[in-house]
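Just below is one structure, and these are the notes that go with it.
The values are calculated or read from the model by the stated rules, or taken from the named source; none is laboratory data. Predicted model, so just to flag it, every value in this text is computed and none were measured. For neighbour counting, all protein chains shown are included, and Cβ atoms are generated from backbone atoms with ideal geometry for every residue, glycine included. These accessible areas exclude ligands, DNA and RNA; they are computed on the full protein's heavy atoms, side chains included. Shrake-Rupley method; radii C 1.70, N 1.55, O 1.52, S 1.80 Å.
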Amino acid sequence: MRILFVGDIFGSTGRRVLSERLKDIKKKDGVDVCIANAENAAGGKGITLNILKKLVKYGVNIVTGGNHSMVHEEVYSSVNSQHYLLRPLNLYNEDRGIGYTIYPLPDGRKIGVINLMGRTFFDAKINCPFKFGMDTTKKIMKETPIIIIDFHAEATSEKVCLANYLDGLVSAVIGTHTHVQTCDERILPRGTAFITDAGMTGPEDSAIGMKLQPIIKKYLYQSHIRFEVASKGPMFNGVIIDIDDSTGKARNISRNFERLIFK
């Protein structure tokens with residue numbers, strides 16, 4: 001199975017990148033399933049039902065989230081979002097939405113996807129991603145050996161440790177949240193693919209998605225300044241993972257990066 005994981009979709013620029021490039025990328029690279037993190041898809045925070053429908057139309061099969069997932073919490077109440085829209089599984093006392101899914105392909109194969117959130121540097125009440133990740137992995141393994149985890153976390157060490165904790169049990173642990181694509185993609189000793197961060201699909205000419213000048217002022221004057229969503233320098237970030245259907249072990253992981261020019 002070949003899986004494309006799209007790095008955090010940011011604002012209207014990220015959505016337009018997908019509208020113009022995703023179908024061609026999937027066709028060119030022979031992608032079976034596309035997973036995309038979209039917790040910043042709606043103006044930099046959250047996702048709406050309308051945007052979710054557009055992402056599916058562009059070719060995304062499963063949408064994952066993160067610390068901004070519940071900004072537009074009503075999307076998780078819609079029957080139209082069930083089974084392919086995820087929010088972090090380990091959010092404390094959260095009963096809206098789902099944190100993992102088993103997605104069936106037309107040919108009968110299945111892929112399990114888990115959305116987890118790290119605890120380091122986050123203020124929100126978050127349950128242990130290690131325990132929740134292991135327990136849910138064991139459940140999914142009863143139906144399919146192919147399991148992908150989107151680990152939305154700040155600390156590199158937490159991402160590395162979770163991947164090694166689950167090495168050999170899941171097919172891949174893909175880090176999200178920091179919006180900068182890392183160059184440490186690799187296959188761990190027992191067959192799990194890993195990258196610290198898949199990057200951001202959105203405006204490269206920005207401070208992780210926001211206009212530069214307001215954030216520069218924030219650092220200079222240490223005051224509260226309203227952030228603005230950037231739009232310049234559209235880029236695509238993601239990774240492609242090749243997985244053995246029978247064992248669920250990763251064979252390869254490679255980065256995908258493109259700069260675009262909108263007409």
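Okay, here's what the table says:
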read-out: Within the chain, longest stretch clear of exposed chymotrypsin sites (Phe, Trp or Tyr not before Pro) (DSSP loop, no more than 12 other Cβ within 10 Å); value: 122-261
read-out: Rounded percent of accessible protein surface that carbon and sulfur make up, the chain, 1.4 Å probe; value: 51 percent
read-out: Extension gain from Lys27 to Ile261, taking 0.36 nm per residue of separation minus the Cα-Cα distance; value: 82.2 nm
read-out: Relative contact order, percent, region 69-206 [alpha-carbon distance under 8 Å, six or more residues apart]; value: 16 percent
read-out: DSSP beta bridges in region 120-263 [antiparallel fraction, %, rounded to 5]; value: 60 percent
read-out: About the Cα centre, charge dipole magnitude for region 163-252 (Lys/Arg +1, Asp/Glu -1 at Cβ), debye; value: 420 debye
read-out: Pairs beyond 26 Å (Cα-Cα), from Lys57/Lys110; Lys57/Lys139; Lys26/Lys232; value: Lys57/Lys139
read-out: From phi via Karplus (6.51, -1.76, 1.60), per-residue ³J(HN,Hα) for region 177-191 in Hz, x at Gly/Pro; value: 3, 7, 6, 10, 5, 8, 10, 10, 4, 6, 9, 6, x, 9, x
read-out: Accessible-area order (highest first, 1.4 angstrom probe) of the listed residues Leu91, Leu18; value: Leu91, Leu18
read-out: Helix-only CD estimate at 222 nm, as mean residue ellipticity for the chain, using -39500 (n - 2.57) per DSSP H run (n ≥ 4); value: -7000 deg cm²/dmol
read-out: Ordering of 175-186, 28-39 by packing [mean C-beta count within 10 Å, highest first]; value: 28-39, 175-186
read-out: Region 153-263: relative contact order as a whole-number percent, Cα under 8 Å and 6+ apart; value: 24 percent
read-out: Amide H contacts of Ile9 (H built 1.01 Å from N, under 5 Å, at least 5 apart or other chain); value: Asn37, Ala38, Glu39, Asn40, Thr201
read-out: Cα radius of gyration and Dmax for region 95-248 (Å); value: 17.6, 57
read-out: Under 5 Å, built H, 5+ apart or other chain: amide partners of Met117; value: Leu89, Asn90, His152
read-out: Per-residue SASA entry for Ser12, accessible area with 1.4 Å probe, Å² rounded to 10; value: 70 Å²
